[in-house]
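Student: Once you've had a glance at the structure underneath, I'll fire off some questions.
The values are calculated or read from the model by the stated rules, or taken from the named source; none is laboratory data. Everything numeric here is computed off the predicted structure, so don't read it as measured data. We place every Cβ from the backbone using ideal geometry, glycine too, and count neighbours over all the protein chains shown. Surface areas here come from the heavy atoms of the whole protein model, side chains and all, with no ligands, DNA or RNA. Shrake-Rupley method; radii C 1.70, N 1.55, O 1.52, S 1.80 Å.
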Amino acid sequence: MNEQRNVRCPECGEMTSVDRREFMKGVSAAALAASAGVMPVFATPRVVSAAEEKAKTTPETAVKRLYDSLNEKQKKVICKPFDDPLRQKYSANWAITKPTIGEFFTKDQQETIREIFRGCTSEDGYQRFLKQMEEDYGGFGKYHIAIFGKPGQGENFQWVMSGRHMTIRDDGNFADGTAFGGPMVYGHGAGDSQKGLPGNVFYYQTLKANEVFKMLDGKQQKKALLDNSPPEDAVQIRGPMAKFPGIAIAELSGDQKKLVENVMHELLAPYRAEDVKEAMGCLKSGGGLDKMHIAFYKDQDIGSDEIWDIWRLEGATFVWHFRGAPHVHTYVNIASKPPDQKT
């Protein structure tokens, strides 16, 4: 019999204990597809065809539609000035405004919020996030949103959603040199403190990153593998003069670099193409892949199996910190310049 031990996540307070062998069931396509069924899909009759509607709708236009539908009482609660400091806050477990989507908004408004969220993700990402939200928090309707600025009035605006293992943004498509509108967080509570991350919808990212580690030779692994990981939310953009942990991608062979590129593709795949393009633009402004470093950390190695559960990709304009122990918390910050250098 396999012994299990409950461990409380220090950041979000969640207890985790699951059998690793269930992992493949949890991340299978069938499970992901089934997870979507727990939440309603759009069924509102349309005058135009679905293809035409999709072609003309963006998350930004949906944010404006949501804003215009709010009554004054709702606006007082969830609408804030664009320069409110809360706009750039991020955490693995927080409510950006108190009311939940399911309790505070009409059915039509809830569908618009879902449309915004879906528009900020790829189809695969949307299904993964739905499964995560259902299992971690009780579903999409339990999350929280805020709107900063006034959409459609010639001003910058941003929509933010938060909750358990989630900070995601619609950045309003204004040019500020910041990908995704600011720091983001994603995660999933499925995991086991001794055996790994069965059923976790993001564990595939750790497996992909560890392919890079296995491809390194002995000297390279010694540079890449560090003893103690930094705080998971330490993802400030530090600029080109900073010293980054791990091994420089410039030191890797062509095949090894290609594998790192594949990891980046997997990391960005859950998000919409426009935001991915913006993120890659920020990476290029920081010198590209060769200026990045990758680090793996020995601490919190679940099951002592040397599949390193904590790892980090970092450069002058790009930070992606993945902490997979005792379950997944991932912090992301991508911007062309440090905040104090922006004009």
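Student: Lysines near LYS258 by alpha-carbon distance under 22 Å, same-chain residues fewer than 8 away left out - which ones?
Tutor: Qualifying lysines at Cα under 22 Å: LYS208, LYS214, LYS219, LYS222, LYS223, LYS277, LYS284, LYS291.
Student: Spin-label point model (7 Å from Cα, Cβ direction): what's the GLN153 to GLU266 distance in nm?
Tutor: For GLN153 paired with GLU266, the spin-label model returns 4.5 nm.
Student: Of ILE307, ILE116, which has the most accessible area and how do the rest follow, probe 1.4 Å?
Tutor: Greatest to least solvent exposure: ILE307, ILE116.
Student: What accessible area per residue, rounded to a whole number of Å², is obtained for segment 221-262 using a probe radius of 1.4 Å?
Tutor: The answer is 58 Å² per residue.
Student: Right, another one. In nm, to one decimal, how far is the GLU123 label point from the ASP176 one, both placed 7 Å along Cα→Cβ?
Tutor: 3.2 nm
Student: Which peptide among 166-177, 224-235 comes first, and what is the full order, when sorted by highest mean count of other Cβ atoms within 10 Å?
Tutor: Those peptides, ordered most packed to least, come out 166-177, 224-235.
Student: Taking 8 Å as the Cα distance limit and 6 or more residues as the minimum spacing, I'd like the relative contact order of segment 265-343 as a percentage.
Tutor: Once divided by the residue count of segment 265-343, the mean separation gives 24 percent.
Student: Can you tell me the accessible area per residue over segment 89-192, all protein chains present, probe 1.4 angstrom, in square angstrom?
Tutor: Per residue, segment 89-192 has an accessible area of 30 Å².
Student: In units of 2.2 N^0.38 Å, what is the alpha-carbon radius of gyration of segment 175-300?
Tutor: Rg over 2.2 N^0.38 Å, computed on Cα atoms: 1.11.
Student: Now for a separate question. If R0 is 45 Å, what FRET efficiency do you get for GLU103 and SER285 from their C-beta distance, rounded to 0.05?
Tutor: 0.60
Student: If the cut-off is 19 Å between C-alpha atoms, which aspartates and glutamates fall inside it for LYS243, apart from same-chain ones fewer than 8 positions away?
Tutor: Filter leaves ASP227, GLU232, ASP233, GLU251, ASP290, GLU314, ASP340.
Student: If we sort 128-138, 180-190, 261-271, 76-86 on the protection proxy, mean other Cβ atoms within 10 Å, highest first, what's the order?
Tutor: Packing order, densest peptide first, comes out as 180-190, 128-138, 261-271, 76-86.
Student: Can you tell me how much longer the chain between THR61 and GLU251 gets when fully stretched, taken as 0.36 nm per residue apart minus their C-alpha distance, in nm with one decimal?
Tutor: 64.0 nm
Student: A follow-up question, please. Using Cα pairs closer than 8 Å and at least 6 residues apart in sequence, work out the relative contact order for segment 159-213, in percent.
Tutor: Averaging sequence separation for qualifying contacts and normalising by length gives 23 percent for segment 159-213.
Student: What share of all Cα pairs of segment 239-343, in percent, falls into each consecutive 5 Å distance bin?
Tutor: Bin by bin from 0 Å, the calculated values are 2, 12, 20, 24, 20, 14, 6, 2, 0, 0.
Student: Still on this structure: Given a 1.4 Å probe and every protein chain left where it sits, what share in percent of the accessible area of segment 97-185 is carbon and sulfur?
Tutor: Solvent-exposed carbon and sulfur of segment 97-185 make up 44 percent of the total.
Student: Report the Stokes-Einstein translational diffusion coefficient (µm² s⁻¹, integer) for segment 115-252, Rh taken as the Kirkwood radius over Cα pairs, at 37 °C with viscosity 0.692 mPa s.
Tutor: Using the Kirkwood radius from Cα pairs, D works out to 182 µm²/s.
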